[in-house]
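The values are calculated or read from the model by the stated rules, or taken from the named source; none is laboratory data. Computed from a predicted model, the values in this text were never measured in an experiment. Quick reminder, even Gly has a Cβ in these numbers, built from the backbone with ideal geometry, and neighbours come from all protein chains shown.
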Amino acid sequence: MTTDVAADSTPFSPVLSELAGVEGRLNAVSDVDHPILGQTLRLILGPGGKRLRPALVLLASGCNGTPLDRRERLAVSAELLHTATLVHDDILDESAARRGRATVNTVFGNSLAVLTGDYLFAKAAEFVASLDSPAIMGVFAWAVMELCQGEMLPLSLNGDSASGHTSGVTSQLRRLEDTYLAKVRSKTASLLAMCCQTGAMLDGADDAVVSRMRQYGLELGVAFQIIDDILDLTSTEEALGKPVGSDLLQGTMTLPIIYFLEAHPQHPLVDILMTDGTPTDEHDVRQFVAEIRESEAIDRARAVAFRFGDAAIRCLEGLPASQQAEALVELVRYALSRQS
Ligand code: FPP
Ligand code: MG
């Protein structure tokens, strides 16, 4: 299950009390008269989330004395939008488990899950609208459009290259690496960029700082997602809160899988991914996961994550020294070293 980072690690310490306020407001969102909606919201908004996005908003908005109420409202909207995307993502991926619990689509079916995601999306928009800033609302809209486009980018091997045709497979894998990075930038990093950018905007930071914060969020987001995709192969079901190898089971070509296949273009997994889209035999999946986690693909993907992490830290250089800026550097280190 996802660990409660806020409680036991340093990057969030400057905003721990604010995060407690965010938690209270998130709990209040599930407090609705509609009995089914109340149940679906409690299932997905319960404990287990890392609350990384609200922490980013709070850190980015914490330098210039902006009223706590406004910072918390923006932080809550970021977590609600993130949660909406997870509910919809679990429908698209047909995922059965998240954060160690059954998904909304599994417990309540796809229709109620779509509507729960829509409700959370609208609730997020209501919180942003309450800030009365068309510029912040514009960035929120940008992030949502990016998320949708990222989700639409196909990330699978197609069967056009004749099986066993090594050069065809290799060139497809190289193109997939670019697609992977574009997808990760849109589906994950855009939301982290939104948190950092809008936090700085709310705090009245000047344009140069706002732009650095947005870029920091983008770089951090790519690093974060690459590590996520490595952990999907190297971690445990207990730590992940979902089965190990979920990406492979869903036929999603993540960076470590792409690198593994680039090094082994004749591997039987290539044919399986090209013809069936995904391995269905659980024993096969366990075997493939074991091979990938023992391979150099993991270190190669980790090195790419570290490059994005370094780029994130460089965005912070030149900003006035503050406890918040230090925490943002720590957050990069946490993102790169986390185990779940
Ligand atoms: C998780 O990816 C999914 C996302 C980070 C973005 C999902 C975005 C959408 C469904 C579109 C926008 C939706 C709304 C409501 C505006 P993953 O499947 O790699 O991660 P996982 O292992 O956590 O499922
Ligand atoms: Mg998913």
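What helices (runs of 4 or more DSSP H), lying completely within the range 52-114, carry at least 3 residues that are more than 10 Å from ligand 1 (Cβ to nearest atom) and crowded, with 19+ Cβ neighbours inside 10 Å? Walk me through how you get there before you give the answer.
Details: elements: 52-60, 68-92, 104-108.
So the answer is 52-60, 68-92.
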Tell me, yes or no, whether the range 202-218 has at least one residue that is polar (S, T, N, Q), in a helix (DSSP H, G or I) and in contact with a Lys or Arg (Cβ under 6 Å, 6 or more places away or on another chain). no
Number of the exception - Lys123 against (1) in contact with a Leu (Cβ under 6 Å, 6 or more places away or on another chain); (2) within 24 Å of Gly251 (Cα to Cα); (3) among the basic types (Lys, Arg): (2)
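Taking the range 231-241 as the search range and keeping residues that are assigned to a loop (DSSP other than H, G, I, E, B) and crowded, with 17+ Cβ neighbours inside 10 Å, which one is nearest to ligand 2 (Cβ to nearest atom)?
Residues of the range 231-241 assigned to a loop (DSSP other than H, G, I, E, B): 235-236, 241.
Filter once more, so that each one left must be crowded, with 17+ Cβ neighbours inside 10 Å: 235, 241.
Working: Ser235: 15, Gly241: 12 Å.
Across the range 231-241, the extreme among qualifying residues is Gly241.
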What's the number of the condition Val244 fails, among (1) away from ligand 2 (no atom under 16 Å from the Cβ); (2) among the β-branched types (Val, Ile, Thr); (3) over 24 Å from Phe121 (Cα atoms)? (1)
Kindly list the number of the only condition in (1) at pLDDT 95 or above; (2) crowded, with 19+ Cβ neighbours inside 10 Å; (3) among the charged types (D, E, K, R); (4) away from ligand 2 (no atom under 16 Å from the Cβ) that fails for Asp31. (2)
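Yes/no matrix, rows are residues, columns are (1) of a type outside the set (Gly, Ala, Ser); (2) surrounded by 17 or more Cβ atoms within 10 Å (Cβ to Cβ); (3) on the phi > 0 side of the Ramachandran plot; (4) in a helix (DSSP H, G or I):
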| position | (1), (2), (3), (4) |
| --- | --- |
| Leu248 | yes, yes, no, yes |
| Phe260 | yes, yes, no, yes |
| Ile272 | yes, yes, no, yes |
| His283 | yes, no, no, yes |
| Ile292 | yes, yes, no, yes |
| Asp299 | yes, no, no, yes |
| Gly309 | no, yes, no, yes |
| Arg314 | yes, no, no, yes |
